[in-house]
Amino acid sequence: MTSWVDAEDALRAWVVAATSLLDASVVFGEQNGTRPPTGPQIIITLGNVNSLGVDEYVQVEEDIGAHTVDFEARGVREVMVQFRAYSPDATGDSTARALLSQVQLRSSFDSIRQALNNAGLGLLELGEVQNLPRVVNAGWESQANLECRFCVVQTATETIPYIELVNGDGKVSSPGSNDLDVPFSAELA
Amino acid sequence: MATEYEGDDLSDVIDALATGIYTVRRTGPTIYVDGRRQAPVTTSLSVRGVVYPTSGIDLQRLPEGLRTVEIITIVSPQQLRTAGPEGEPDIIEYKGLDYQVQTSQRWTSGNFFFCLASKVITQ
C-alpha cells in the first residue's frame, strides 16, 4: 500500500465511478460536520485492520558512504471497509441498495481493480448488500450497507547507523614490568 | 386557519436578568473535498442571555454519553443552532471555555430559546 490517503482515494473513486453520484455526495465517515446535501449519498468508513501471518523484518539497502543500513518491516493486513448508502428514493435505480449493488458489480471492472491495486488494495471479499430502510422523522429513508474485505501490504523503514572503523589505544600492565601500549583497530569487512 | 395564542414576550425580562453577552461561533454547512471535511468557515456573533448550571432533569434529556460532561443552560432571546443542514452546532464561549449547543428549544410563549450546551474537551 502506498499510503492510506491513496487507498481512501481509490475506494472513493470506485464508488463515484460505479454510482455516478455527485462528488460531494461520497464522503468518508467518522468526520465531524453535517451530512452532505440532500439526495443519495454514500459514506465510506475504513474499519478494523487485522494482521495476517507474521511480519517480516529485512535489510533492504546499505549506504556505505553514510555508514547506514535500511531495514524494512513488512506485513500483510486485512482491512474492513464499510459502504453505507442513504437515499430518499424507495424504488428505482437510486435507492440505497441499488447504488451499493452497482458498487458491488463494478468491482469486477478491470479499470476499477487496476486502480485499487495501484493504491495497494487487493479485494479479498465482496460482502452482501444489506437493505436497511428506516423511518427518519416521519418518512422512510432508503439505507443499505455493504462491507468488503481488502488485503494490503504495509511497510515501514528504519535507518540504522553502523560502525565501519574503530581505532583505540590499549595498555597491558603486569606487576614488575613496564606497561605495554597496544593500539588496536577494527574495520568492517 | 388555526390561531396560536402568544404569551407574554419575556425577552425584555431575559435581557434584564442576563448574566452577560457571550460570543458565539457559527459555522456554515460542511464542505467536503475528495470526501474529506474542510475546515469550516466560522462567523462570530454576540448573544445576550442567562447562563446557569443544568439541572439533573434537563441532563436526562441528553444522550447518556454527554451526561458526564459539564453542561450549561443558556436562555436567550436569540436562537442558538444545533447541528443541521444549515451548519455545524454553535459554539458558545463561556468563562474562557467552549461549549457546543446540543439542544435548542423555541418557546413561542415568552419568545425565548432554551438551550443546553456541552463543554468542548480538546485533546
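Things to note:
- Residue within the stretch B:67-85 that is touching a strand residue (DSSP E or B) at 6+ places or on another chain (Cβ under 6 Å), within 14 Å of another protein chain (Cβ to nearest Cβ) and under 30 Å from residue A:9 (Cβ atoms) present: no
- Considering residues of the stretch A:36-45 that are at the interface with chain B (Cβ under 10 Å from one of its Cβ atoms) and out of contact with any strand residue (DSSP E or B) (no Cβ under 7 Å at 6 or more places or on another chain) only, the residue nearest to residue B:41 (Cα to Cα): A:37
- Looking only at the stretch A:147-189, residues that are among the charged types (D, E, K, R) and either within 19 Å of residue A:65 (Cα to Cα) or assigned to a loop (DSSP other than H, G, I, E, B) (or both) come to 4 in all.
- In the stretch B:1-16, the qualifying residues are those that are assigned to a helix (DSSP H, G or I) and loosely packed, with under 13 Cβ neighbours inside 10 Å, and the one that is modelled with the lowest pLDDT is B:12.
- Some residue of the stretch A:61-69 being crowded, with 16+ Cβ neighbours inside 10 Å, away from chain B (no Cβ under 14 Å) and assigned to a strand (DSSP E or B): yes
- When restricted to residues that are within 13 Å of another protein chain (Cβ to nearest Cβ) and assigned to a loop (DSSP other than H, G, I, E, B), the stretch B:17-60 contains 10.
- Hits in the stretch A:1-28 - residues which are at the interface with another protein chain (Cβ under 10 Å from one of its Cβ atoms) and either out of contact with any Lys or Arg (no Cβ under 7 Å at 6 or more places or on another chain) or part of a helix (DSSP H, G or I) (or both): A:5, A:8, A:9, A:11, A:12, A:13, A:15, A:16, A:23, A:24, A:25, A:27
- Counting only strands (runs of 3 or more DSSP E) that sit wholly inside the stretch B:68-107, those with at least 1 residues that are out of contact with any Leu (no Cβ under 9 Å at 6 or more places or on another chain) and farther than 12 Å from residue B:22 by Cα are B:97-107.
- Residue match in the stretch B:89-98 (condition: closer than 24 Å to residue B:30 by Cβ and modelled with pLDDT under 90): no
Residues checked against (1) over 14 Å from residue A:15 (Cβ atoms); (2) touching a Leu at 6+ places or on another chain (Cβ under 6 Å):
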{"residue": "A:46", "(1), (2)": "no, no"}
{"residue": "A:77", "(1), (2)": "yes, no"}
{"residue": "A:84", "(1), (2)": "no, no"}
{"residue": "A:97", "(1), (2)": "yes, no"}
{"residue": "A:103", "(1), (2)": "no, no"}
{"residue": "A:143", "(1), (2)": "yes, yes"}
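- Taking the criterion of being outside any helix (DSSP H, G or I), of a type outside the set (S, T, N, Q) and buried (at least 16 other Cβ atoms within 10 Å of the Cβ), the residues of the stretch A:89-121 that qualify are A:89, A:119, A:120, A:121.
- Sole exception among (1) closer than 21 Å to residue A:115 by Cα; (2) away from chain B (no Cβ under 12 Å); (3) in a loop (DSSP other than H, G, I, E, B) for residue A:80, by number: (3)
- For the stretch B:42-67, the candidate set comprises residues that are polar (S, T, N, Q) and surrounded by fewer than 17 Cβ atoms within 10 Å (Cβ to Cβ); within that set, the residue that is nearest to residue B:21 (Cα to Cα) is B:46.
The values are calculated or read from the model by the stated rules, or taken from the named source; none is laboratory data. The structure presented is a predicted model; accordingly, all values stated were derived computationally and were not measured. Methodologically, a virtual Cβ is constructed for each residue, glycine included, from the backbone with ideal geometry; neighbour enumeration extends over all protein chains shown.
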